[in-house]
Amino acid sequence: MSSETKQILTTDGIPLEVSLKKAEKKNKIKAFLLVAPLLFFLFITYVFPIGEMFTRSVDDKMITNMLPKTFKAMEKWDGKELPPEEVFAGFYLDYKVLIENQTQGKLGQRLNKEKNGFNSITKKLMRQIKRNKIDESQSIKEQIMKVHKRWRNVEYWQAIKRTAPPYTMAKYLKGMDMYYAADGSIAQVDEDRRIHRILWLRTLEIALFVTIFCFLMGYPIAHLLATLPMKYSNLLMICVLLPFWTSLLVRTASWMILLQQQGVVNDFFVMIGLVADDNRPEMMYNKVGTYVAMTQILLPFMVLPLYSVMKTISPSLMRAGKSLGGTPFVAFWKVYFPLTIPGIGAGCLLVFILAIGYYITPALVGGASGTLISNQIAYHMKTTLDWSFASAMGLMLLSGVLVIYWIYNKLVGVDNIKLG
Amino acid sequence: MALPSYTETRYRIWHYFYIAICTFVFFFLIAPLFVIFPLSFNAEEFLVFSEGMKRLDPDAFSFRWYHEMVYGTKNPWGLAAKNSFIIAIFATIGSIILGTLAALGLSSRHMPYKGMIMAILISPMIVPLIISGVAIFFFMAKVGLAATHTGIVLAHIILGTPFVVITVTATLSGFDHSVTRAAASLGSNPVNTFMKITLPLILPGVISGGLFAFVTSFDEVVVVLFLAGLENTTIPVQMWTGLREQLSPTILAVATCLILLSTLILISAELLRRRSERLRGINR
């Protein structure tokens, strides 16, 4: 009985529930179709290419493709003593093909990265093969071993075997100043050559301190802007918004002018007698320059979220705190400050995320001791052309940023980012 | 910010200290921009204030570098400015269209996986530019768009849409959906409703997002450095090379023009924001 009375039909005779569900689904598809063009565009041009960076960073197919017969024969070799005749024969045949295609140089260079000394012995072998000194009817193992004593050293054959897998994590290890040792275990680079770890630490340090400086400078002025009457605060807001809208390069250029040795800041220090005229401190091309310029450039990103939170705090709360017997400091610390924590979180995370990936400013005012991990990535992209290493470092940086982005999304929500 | 007369001395001191800190920070924020201004009129070739400038000697000032910027021989700025404007305008149009559509979808309460999709759409703003640059470069090189205007425009659409998405969703959050239903009930089709009802109401948000997209493209250098050939040089690229190699006051003349441009953009953005708040009935 109940099913007959409760079954409400639409005018078309379809049960209402079904009809509503249909409409709901239609609305969902409609909404999604609006987002689809941008989502599709971003996936093709942005998300997939970032994924491609990953395949590029672990890709080690070059040698795998160059020495197919060698690696096939090596499958049966235990890797402890000198490999058997088949491995030598496979290597000889593969190498002959490479010489015919004139790509043997790449193999030598790549193997030389794996173990020093390969370049010269592969060249020596090439000359022997080109002069037809290798007799294929006799033991190739004996003949190759005669070319150079290193071919008799098992370590070199172990190095070749290590390059067999088509994928490698070597670039990621290199980014953390580690490498695969001869026995395949992971080893640390010598202490005086650990450049990447210094860079990672410096990047973290600079991002952290810039965030702290931005907070210390941004909090008071956000408070002032939020508590002043509208007509004054609008005027002062320009001081925050004008740098925000001004080109990053213009702002960096102005800091280069200010901080140079004959610059305005040094002139001022000399004028007030802080430093001697002939002993002007170097403030650019080091960490000081990076700190000062990055703090000024990122400060608006701290002030704007703080301001928008402080704007919503009623001044009567502070008055209530004071009237209940708190000193202004206690009232501030117990009432006002806790209410601003969402703004502090939003501002600090945003500044930290932006600071950790900074490139332009450190490259121009940072010099050697103020450069960050981004500069190293650019260096490998443009100068050494080691794109797979640049990709690996980029993804290591990206994974750090995405963790902070995830926290930001949980705490603040990406749709709450304040722009101006 | 006058203090009541009963304020104790230590709070009075603290208050003046606080005002002093704020003054210093505001000065720190805005002063660097004003250094460029007088130096761009320097008659000499150095990027420091000459003795004559300090004495305000009229002979120490000149329009020499502005003249150089416009008429100089083998001058890159003309081409760079043309490229910058073309790229920024097309990137802005693309960002506005894609971003506004996406924001309309995201603001619908029927949108599935809203949080995740929003996070993906905003990500180009968060991911360090150097990583975006590497990824976009790999893509553009593969499809043969490296060192073309099209490639740079597409890259800047990627970087610009998050701003449009954010501003338009913010505008739509205060949007009264009954007006579109009213239009629909009066027989208007969805396209007509959008053009005549929705768009005029969210237009301030769309334009201010567009301004952000324009500035992002106009100011962007990291990705362009990866993508651009000699033909595609832009103002930021020229400034970058200039600042790295020969520091000439011409750069300061260009920088002054850019500051004037950003002042104009700031004023329009502020006016738009106020208009938008008025339209949406937010009283401050």
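The values are calculated or read from the model by the stated rules, or taken from the named source; none is laboratory data. Fair warning: this is a prediction, and the values are worked out from it, not measured in the lab. Neighbour counts are summed over all protein chains in view; Cβ atoms, including those assigned to glycine, are modelled from backbone coordinates with ideal geometry.
So, A:I99, is that one surrounded by 13 or more Cβ atoms within 10 Å (Cβ to Cβ), more than 19 Å from A:A164 (Cα to Cα), out of contact with any Phe, Trp or Tyr (no Cβ under 8 Å at 6 or more places or on another chain) and away from chain B (no Cβ under 14 Å) or not? In short, yes.
Of the residues making up the stretch A:226-242, those that are in a helix (DSSP H, G or I) and at the interface with chain B (Cβ under 9 Å from one of its Cβ atoms) are A:T227, A:M230, A:Y232, A:N234, A:L236, A:M237, A:I238, A:C239, A:V240, A:L241, A:L242.
May I ask you to verify whether A:P243 is more than 22 Å from B:E220 (Cα to Cα), crowded, with 17+ Cβ neighbours inside 10 Å, assigned by TED's automatic domain parsing to the domain that holds A:G370 and not hydrophobic (A, V, I, L, M, F, W, C)? Considered against the rule, which asks whether it is more than 22 Å from B:E220 (Cα to Cα), crowded, with 17+ Cβ neighbours inside 10 Å, assigned by TED's automatic domain parsing to the domain that holds A:G370 and not hydrophobic (A, V, I, L, M, F, W, C), A:P243 comes out as no.
The set of residues in the stretch A:361-385 being more than 11 Å from chain B (Cβ to nearest Cβ) and either touching a Phe, Trp or Tyr at 6+ places or on another chain (Cβ under 9 Å) or at positive phi (or both) consists of A:G366, A:G367, A:A368, A:S369, A:G370, A:T371, A:L385. If you go through the stretch B:25-84 and keep only what is within 13 Å of another protein chain (Cβ to nearest Cβ) and part of a loop (DSSP other than H, G, I, E, B), you end up with B:S40, B:E44, B:F46, B:L47, B:V48, B:F49, B:S50.
Can you tell me which residues in the stretch A:30-48 are loosely packed, with under 12 Cβ neighbours inside 10 Å and either more than 21 Å from B:A155 (Cβ to Cβ) or at pLDDT below 90 (or both)?
Within the stretch A:30-48, just A:L33 meets the criteria.
Does A:M302 fit the bill of being of a type in the set (A, V, I, L, M) and out of contact with any Leu (no Cβ under 8 Å at 6 or more places or on another chain)? The answer is no for A:M302. The set of residues from the stretch A:130-159 being under 18 Å from A:L93 (Cβ atoms) and outside any helix (DSSP H, G or I) comprises A:R131, A:N132, A:K133, A:I134, A:D135, A:E136, A:S137, A:Q138, A:S139.
If only residues of the stretch A:133-149 that are at pLDDT 80 or above and among the basic types (K, R) are counted, the one that is surrounded by the most Cβ atoms within 10 Å (Cβ to Cβ) is A:K141. Listed by first and then second residue, the pairs with beta-carbon distance under 6 Å, at least 6 apart or on different chains, first residue in the stretch B:200-220 and closer than 12 Å to B:I87 by Cβ, second basic (K, R), form an empty list. Could you please find all residues in the stretch A:115-132 being closer than 15 Å to A:Q102 by Cα and loosely packed, with under 13 Cβ neighbours inside 10 Å? Within the stretch A:115-132, A:R127, A:K130 meet the criteria.
In the stretch B:28-41, the residues that are more than 11 Å from A:V264 (Cα to Cα) reach residues that are among the aromatic types (F, W, Y) and assigned to a helix (DSSP H, G or I) with C-beta atoms within less than 7 angstrom, at least six apart or across chains, in these pairs: B:S40/B:W65. Selection within the stretch A:312-359: residues that are within 20 Å of A:Y291 (Cβ to Cβ) and hydroxyl-bearing (S, T, Y). The member of this set that is surrounded by the fewest Cβ atoms within 10 Å (Cβ to Cβ) is A:Y359. For the stretch B:124-144, filtering for residues that are free of Cβ contacts under 8 Å to residues at least 60 places away in the same chain and more than 7 Å from chain A (Cβ to nearest Cβ) leaves 5. Applying the criterion of at least 1 residues that are more than 9 Å from chain A (Cβ to nearest Cβ) and over 20 Å from B:A155 (Cα atoms) to the helices (runs of 4 or more DSSP H) found wholly in the stretch B:166-257 leaves B:178-185, B:190-193, B:199-219, B:235-244. Considering only the stretch A:334-353, I want to know if a residue exists there that is touching a Phe, Trp or Tyr at 6+ places or on another chain (Cβ under 6 Å), at pLDDT 85 or above, under 22 Å from A:W255 (Cα atoms) and assigned to a helix (DSSP H, G or I). For the stretch A:334-353, residues touching a Phe, Trp or Tyr at 6+ places or on another chain (Cβ under 6 Å), at pLDDT 85 or above, under 22 Å from A:W255 (Cα atoms) and assigned to a helix (DSSP H, G or I): present.
Looking at A:M237 and the list (1) surrounded by 15 or more Cβ atoms within 10 Å (Cβ to Cβ); (2) of a type in the set (A, V, I, L, M); (3) at pLDDT 90 or above, which single condition is not satisfied? It is condition (3) that A:M237 fails. Just to check your reading of the model, which residue among A:L324, A:L339, A:L317, A:L299 is touching a residue at least 40 places away in the same chain (Cβ under 8 Å) and either over 16 Å from A:F244 (Cβ atoms) or in the same structural domain as A:L249 (by TED's automatic domain parsing) (or both)? Going through A:L324, A:L339, A:L317, A:L299 in turn, just one is touching a residue at least 40 places away in the same chain (Cβ under 8 Å) and either over 16 Å from A:F244 (Cβ atoms) or in the same structural domain as A:L249 (by TED's automatic domain parsing) (or both): A:L299. In the stretch A:28-52, the residue that is nearest to the other protein chains (Cβ to nearest Cβ) out of those that are out of contact with any Pro (no Cβ under 7 Å at 6 or more places or on another chain) and of a type in the set (D, E, K, R) is A:E52. For the stretch B:114-123, the condition holds for no residue, the condition being that it is touching a residue at least 60 places away in the same chain (Cβ under 8 Å), over 14 Å from B:F163 (Cα atoms) and part of a helix (DSSP H, G or I). Scanning the stretch A:243-275 for residues that are facing chain B (nearest Cβ under 9 Å), among the hydrophobic types (A, V, I, L, M, F, W, C) and touching an Asp or Glu at 6+ places or on another chain (Cβ under 8 Å) yields A:L248, A:L249. For B:S185, the conditions (1) within 27 Å of B:S132 (Cα to Cα); (2) among the hydroxyl-bearing types (S, T, Y); (3) modelled with pLDDT of 90 or more all hold with the exception of (1).
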